[in-house]
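Enquirer: Shown below is the structure under consideration.
What follows draws every value from the coordinates through simple rules; no lab data is involved. All of these numbers come straight from a predicted model, not from anything done at the bench. Cβ coordinates were reconstructed from backbone atoms using ideal geometry, including for glycine residues, and neighbour counts include every protein chain displayed.
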Amino acid sequence: MLFVSAAMWAAVAIRHGHTQITFGPVEIFCGAFTVFASAIIFLRLGLYRAVIRFMGQQAIWAVITAVSYSTLVLAASVFLTQAAVPRAMPFIYWGVALLLVGGSRLTVRAWYQARLRAKSRNVIIYGAGESGRQLVTALHHGEQYRVVAFVDDDPLLQHSVINGLQVARPEDVKRLINEHNITQVLLAIPSASADRRREIINSLVGLPVHVRTVPRINELVSGRASVNQIQDVDLDDLLGRDPVPPHPELIDRCITDKVVMVTGAGGSIGSELCRQILTSGPRELLLLDNSEFALYQIERELRELKRVTGSSVDVIALLGTVQNQARLETIYRTFGVQTVYHAAAYKHVPMVEYNVAEGVANNVFGTWYAAEAARKARVETFVLISTDKAVRPTNVMGASKRFAEMVLQSLAERESGTRFCMVRFGNVLGSSGSVVPLFREQIAKGGPVTVTHPEVSRYFMSIQEAAQLVLQAGAMGTGGDVFVLDMGEPVKIVDLAKRMIRLSGYEMRMDQHAQDHIQIEFIGLRPGEKLREELLLGSNVTGTGHPMIMRAEEEGLSYKQMNRYLLELIEYCDTMDCAGITSVLTAAVSGFSRHETRHDHVWCKQGRAGRVTLAKPKVPAAAAVSNVQELFPDKL
């Protein structure tokens with residue numbers, strides 16, 4: 001209230017032209033009453049609650065309104081008490097009070113924002129549409145970014161001023177970077193097509209700025225993200241493509257109003273399958289994973305997605321391993337599961353190379369137990385998520401996945417009420433264990449970025465598109481089908497690394513002492529790794545009703561062969577005989593060349609003498625034998 005008192009004194013002094021002023025009791029009463037009433041007015045209008053550094057247009061109008069009401073109180077008290085003050089005094093008071101009350105707040109805000117500008121990064125927002133305007137408003141009150149200008153392709157917006165910022169042309173970006181020391185370009189174009197986003201990002205690659213983006217339009221609409229959640233550019237913006245619109249009838253066939261279960265629900269592919277299944281209206285969605293933390297994370301995310309979308313789907317989280325057939329069968333029967341997407345697997349090539357027995361047990365027998373339990377519980381559809389590493393594999397992981405495919409092909413030959421099929425595809429961008437998060441981490445640390453070989457290449461697809469195609473392919477199977485997704489052209493990993501480095505505002509290091517450069521280091525192929533992956537064993541491929549899904553005609557194993565190989569694998573896995581395991585895989589899997597077992601940690605530690613003394617059971621475990629007998633009753 002000091003400003004109110006000072007404003008009244010200043011108003012009288014200005015009117016009289018001097019400061020030697022004497023007030024009588026009536027004038028003192030008018031002043032005291034005005035101060036008291038103004039305090040109540042300011043309190044009711046929220047002036048004392050407003051955070052000065054975040055003052056906006058609404059707060060400024062509140063100050064004007066409060067000072068105006070205070071002036072009316074002063075004028076009324078002067079009039080009613082016939083105080084001996086000049087008649088112009090209330091008008092002068094309004095201006096002085098507004099200057100003191102409002103000006104002091106604006107001065108503090110300007111001082112605070114000047115401090116922020118000194119510490120903040122200068123950025124450009126690419127996109128002056130609704131998302132760009134929301135973003136600049138959100139960033140205005142933060143400490144991290146200072147927006148210098150908008151950039152937009154629309155000629156109608158160029159050279160205009162939005163939110164106090166000039167809208168520049170795309171050709172002006174380089175000039176703005178040099179003039180304003182821009183460190184980041186923030187993309188606010190969530191509704192742009194993949195092709196257009198790729199064009200814009202490619203135009204920014206090579207400039208000394210870190211390119212980041214707001215979430216995509218589908219994430220904004222679904223409520224999974226907000227416009228101010230700035231994130232790194234997705235690599236599928238560079239490598240991906242506009243996904244083919246899904247065929248609703250295919251997705252509805254296996255999901256809508258059905259009880260659906262996803263194994264490995266906490267993994268990269270499994271979790272994305274769960275997100276998309278939830279939006280397709282199943283009756284119940286069962287999540288199975290042996291990782292408590294991963295299961296907790298995906299269950300929490302799906303419950304939040306349910307809240308945002310208003311879904312009434314029951315989401316049920318189940319801890320368990322796919323190597324426990326009895327539990328799987330109990331789950332299938334108890335919940336009346338109709339569709340299973342089997343995504344549980346060990347997929348990291350070097351990790352399986354170092355843990356051969358466990359990798360085969362999980363990938364081969366986990367698939368077998370899950371599928372056999374599904375057959376016995378009369379599950380309608382069972383879809384195996386496979387990999388391009390299953391084609392002419394050079395590693396145990398790939399060989400185990402191809403063997404798992406052949407197990408399903410053998411099961412499909414039996415007369416059964418369950419449709420078994422498998423969907424094979426390459427790498428998904430950003431999945432756990434892939435190169436993308438590894439490269440991001442290495443770039444954040446300043447490098448070096450490690451690439452195994454200059455010529456190594458891989459097929460890539462966005463995780464959202466891969467999951468969508470899996471759901472559709474699963475509905476097309478008739479039994480034993482091997483579906484292959486169209487992955488486009490393979491991408492050289494070194495090119496991927498270069499693009500990620502440039503998008504982060506760096507260049508590749510030519511001089512080890514250069515600043516703002518990151519080095520690419522070639523470390524050699526890891527155990528079992530190939531230079532190039534394949535998607536097909538042969539050329540016998542037919543189309544389907546979907547342009548991105550093909551059907552491969554590939555030979556499996558006879559009942560007799562599968563029976564013999566499974567029995568041998570059970571024995572070798574029980575005794576952790578890695579040489580025996582790889583010998584079975586070599587005999588069973590086409591294209592799997594003779595494989596060294598020197599990488600398995602336990603196998604190496606035991607040594608030859610230790611391995612010889614291991615006792616091998618004469619008869620495999622009872623549960624496993626029972627499964628083989630039920631799978632191939634006429635061969636035992």
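Enquirer: Using a simple charge model, +1 on the beta-carbon of Lys and Arg, -1 on the beta-carbon of Asp and Glu, nothing else, what dipole does the range 120-233 show about its Cα centre, in debye to the nearest 20? Show your work: numbers first, answer last.
Expert: Values: 12 positive and 12 negative charges, 42 e Å.
Approximately 200 debye in magnitude.
Enquirer: Can you work out the Karplus-derived ³J(HN,Hα) for every residue in the range 446-454? Use 6.51 cos²θ - 1.76 cosθ + 1.60 with θ = phi - 60°, whole Hz, and x for glycine or proline.
Expert: Rounded to whole hertz, the list is x, x, x, 8, 9, 10, 5, 7, x.
Enquirer: Right, another one. If each residue's Cβ is checked for other Cβ atoms within 10 Å, how do Ser70, Ser558, Ser457 rank with the fewest at the top? List each step's numbers first, then the result.
Expert: Numbers: Ser70 27, Ser558 13, Ser457 18.
Sorted ascending by nearby Cβ count, the order is Ser558, Ser457, Ser70.
Enquirer: A further question follows. With contacts defined as alpha carbon pairs under 8 Å and 6 or more residues apart, what's the relative contact order of the range 120-233 in percent?
Expert: Numbers: 194 pairs, mean separation 30.2, N = 114.
26 percent.
Enquirer: Using the per-residue mean of other Cβ atoms lying within 10 Å as a proxy for protection, in what order, highest first, do the peptides 363-371, 471-479 fall? Each step should come with its number before you reach the end.
Expert: Numbers: 363-371: 26.6, 471-479: 21.6.
By packing density, highest mean first, the sequence is 363-371, 471-479.
Enquirer: What's the exposure ranking of Leu285, Leu43, going from fewest to most Cβ atoms within 10 Å?
Expert: Details: Leu285 25, Leu43 12.
Sorted ascending by nearby Cβ count, the order is Leu43, Leu285.
Enquirer: Let me ask you something else. What shape does the range 233-355 have by the C-alpha gyration tensor, where a ≥ b ≥ c are the square roots of the eigenvalues, rounded means a/c under 1.5, and otherwise prolate means a/b greater than b/c and oblate the rest? Please report the intermediate quantities before stating the final value.
Expert: Working: a/c = 1.57, a/b = 1.03, b/c = 1.52.
Note, shape of the range 233-355 comes out oblate.
Enquirer: When you count, for each residue, the other Cβ atoms within 10 Å and take the mean per peptide, how do 169-181, 335-347 rank with the highest first? Kindly include the intermediate steps, with their values, before the conclusion.
Expert: Values: 169-181: 14.4, 335-347: 23.9.
Going by the mean number of other Cβ atoms within 10 Å, highest first, we get 335-347, 169-181.
Enquirer: With the cut-off at 20 Å, tell me which of the pairs Lys389/Lys560; Lys401/Lys530; Lys389/Lys492; Lys389/Lys530; Lys445/Lys492 have Cα atoms farther apart than that.
Expert: Values: Lys389/Lys560 26 Å; Lys401/Lys530 16 Å; Lys389/Lys492 16 Å; Lys389/Lys530 9 Å; Lys445/Lys492 23 Å.
Check vs 20 Å cut-off fails for Lys389/Lys560; Lys445/Lys492.
Enquirer: Give me the one-decimal nm value for the distance between modelled label points at Glu249 and Asp172, 7 Å along each residue's Cα-to-Cβ direction.
Expert: So the two model labels end up 5.2 nm from each other.
Enquirer: Give the shape of the range 120-233 as rounded, prolate or oblate, defined through the alpha-carbon gyration tensor: a ≥ b ≥ c are the square roots of its eigenvalues, a/c under 1.5 means rounded, and otherwise the shape is prolate if a/b is larger than b/c and oblate if not. The partial results should precede the final answer.
Expert: Numbers: a/c = 1.33, a/b = 1.20, b/c = 1.11.
Since a/c stays below 1.5, the shape of the range 120-233 is classed as rounded.
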